Amino acid sequence: MNGQQLTKLRSPSRSNSTETPTLVLRNTHLKGFPPVVDRRVEILILGSFPSTASLGKGQYYGHPQNQFWRLMGCVVGAPLVDMPYEQRLKTLLANRIGLWDVIGKCERTGSLDSNIRNPQHNDFKRVTGLAKKLRRVCFNGKAAAQMEPLFIEWGFETIVLPSSSPANTMSFDRKLDCWRAIAATVSKGRD
């Protein structure tokens, strides 16, 4: 599991409790996922780093309460939440949308971005070398958006979106209002 260890934690005061122990990843060196991109991609959505649930599933936005797939389903007009994971990725690519994270490797306990230590950023030449039509980069949350100035310097349009994470308590409808800005730029069916 990418150098991480699964640890059962139980509060000492509850050691005789019948509650299910909380599972926490004690991370040493975590590695993120490869980019989801092809030559058609015009828009890249960047998160910060996969959650513990996502790493466990081996899927972007794998936490059941993360609203990413629901938001993107509304943006592209497809029932992404109901699709198998691989079909979700193919649907994003068909809509000229790529997916990756700003951080490729880090140390972290739990899933909060504030717990990330020793981040190593991804090499975006991997994406820009393949996706020659890439023109807009969208950041899923403030942590990912710390890289926005670099992308502006490189000449990309940028949008900072409210995080799809369950830690962001903004209502779904308010998030969706912001995320719809992606749809205004999606061009379907051109090659």
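A few points about this structure:
- Whichever residue in the range 156-183 is over 25 Å from Phe124 (Cβ atoms) and among the small types (Gly, Ala, Ser) and, among such residues, is surrounded by the most Cβ atoms within 10 Å (Cβ to Cβ): Ala167
- Where Leu23 falls short, out of the listed (1) at pLDDT below 95; (2) open to solvent by less than 50 Å² (accessible area, probe 1.4 Å): (2)
- A search for C-beta distances below 6 Å between a residue of the range 134-155 that is over 17 Å from Asn122 (Cα atoms) and open to solvent by 10 Å² or more (accessible area, probe 1.4 Å) and any residue that is among the charged types (D, E, K, R) and assigned to a loop (DSSP other than H, G, I, E, B), counting only pairs 6+ apart in sequence or on different chains, returns Arg135/Glu42.
- Qualifying residue in the range 160-180 (condition: farther than 19 Å from His63 by Cα, modelled with pLDDT of 95 or more and not in a helix (DSSP H, G or I)): yes
So that you can scan it fast, the table gives a plain yes or no per residue for (1) of a type in the set (S, T, N, Q); (2) in contact with a Pro (Cβ under 9 Å, 6 or more places away or on another chain):
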site: Leu71; (1), (2): no, no
site: Asp82; (1), (2): no, no
site: Glu107; (1), (2): no, yes
site: Asn118; (1), (2): yes, no
site: His121; (1), (2): no, no
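- Any helices (runs of 4 or more DSSP H) falling wholly within the range 33-110 and containing at least 3 residues that are over 23 Å from Thr158 (Cα atoms): 52-57, 85-94
- Residue within the range 112-130 that is within 24 Å of Arg40 (Cβ to Cβ), surrounded by fewer than 18 Cβ atoms within 10 Å (Cβ to Cβ), at pLDDT 95 or above and over 13 Å from the mean Cα position of the chain (by Cα) present: no
- The number of residues in the range 34-56 being in contact with a helix residue (DSSP H, G or I) (Cβ under 8 Å, 6 or more places away or on another chain) and either among the hydroxyl-bearing types (Ser, Thr, Tyr) or modelled with pLDDT of 90 or more (or both) comes to 12.
The values are calculated or read from the model by the stated rules, or taken from the named source; none is laboratory data. As the structure is a prediction and not an experimental result, all values here were calculated from the model. Don't worry about glycine lacking a Cβ; one is built from the backbone with ideal geometry, like all the others, and counts go over all protein chains shown. Heavy atoms of the whole protein, side chains included, go into the accessibility calculation; ligands, DNA and RNA do not. Shrake-Rupley method; radii C 1.70, N 1.55, O 1.52, S 1.80 Å.
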